[in-house]
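Below: one structure, written as structure tokens.
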Amino acid sequence: MHGPAAPGWLLVALCAATGVYCLLRMRSTVEEQRRAAGGEALMGFGMAVMAVPPAVVAPPRWAGTAYLVVFGAAAAWALFAARTHAHHLHHLVGAFAMVYMAAAMAASPGHHGHGGHGGVPLLTGAFLVYFAGYALWSGVRLVPVSAATGARGTRSAGWGDRPELAHACRLSMAIGMLAMLLTL
């Protein structure tokens, strides 16, 4: 699941920073921000841990199983939360993608990859298409929010409540997920 060390550490930094910002969003006075921030923080930190280059810190044999349990629980929570808020469907897809990568990690602890396959497995391809689309969609949503916020001059909201920063975090996590899936 991991490539060279330098891009791996950049991915770790990006995902950890996103996780920290999402934790800060959990303190928001805007209920919608708080609702999504917890799941996004878990995904950010989980992606950061899974992206640590194994040449630097070899994951223990039980790591894949622990990821399966944590992200399986996150998927169950997202499924429950999606009943009332559609955004949690994205969290559900993200949690399933993390479960999928954790299963690959648990199946081959010393070697992260599909090995021997002539192409990209169907599920990996489906996740790649989904996250590429989500990254494009998030990027498109980011531009109008930034322009509208600047035009209205509504900068009085705390930086944890700014929707363009939440969109930027979602965009960076989608790009991070793409990077992780590409190295799977």
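Values as computed for the structure displayed
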| quantity | calculated |
| --- | --- |
| Selection status of ALA51, touching a Gly at 6+ places or on another chain (Cβ under 9 Å) and under 24 Å from ARG27 (Cα atoms) | no |
| Test: TYR21 is aromatic (Phe, Trp, Tyr) and touching a residue at least 40 places away in the same chain (Cβ under 8 Å) | yes |
| Any hit, the range 107-124, residues being assigned to a helix (DSSP H, G or I) and within 12 Å of the chain's Cα centre (by Cα) | no |
| Residues of the range 17-51 satisfying the condition of being at pLDDT below 90 and either more than 18 Å from the chain's Cα centre (by Cα) or farther than 22 Å from VAL93 by Cβ (or both) | LEU24, ARG27, SER28, THR29, VAL30, GLU31, GLU32 |
| Boolean, LEU136 is out of contact with any helix residue (DSSP H, G or I) (no Cβ under 8 Å at 6 or more places or on another chain), hydrophobic (A, V, I, L, M, F, W, C), under 20 Å from VAL99 (Cα atoms) and at pLDDT 65 or above | no |
| ALA63 vs. criteria farther than 15 Å from TYR130 by Cβ and in contact with a His (Cβ under 6 Å, 6 or more places away or on another chain) | no |
| Residue list for the range 59-86, restricted to those being in a loop (DSSP other than H, G, I, E, B), free of Cβ contacts under 8 Å to residues at least 12 places away in the same chain and under 19 Å from the mean Cα position of the chain (by Cα) | ALA82, ALA86 |
| Test result for ALA102, within 22 Å of ARG34 (Cα to Cα), surrounded by 15 or more Cβ atoms within 10 Å (Cβ to Cβ), of a type in the set (A, V, I, L, M, F, W, C) and modelled with pLDDT of 80 or more | no |
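The values are calculated or read from the model by the stated rules, or taken from the named source; none is laboratory data. Since the structure is predicted, the reported quantities are computational estimates derived from the model, not experimental observations. Please note: Cβ atoms are built from the backbone with ideal geometry, for glycine as well, and neighbour counts cover all protein chains shown.
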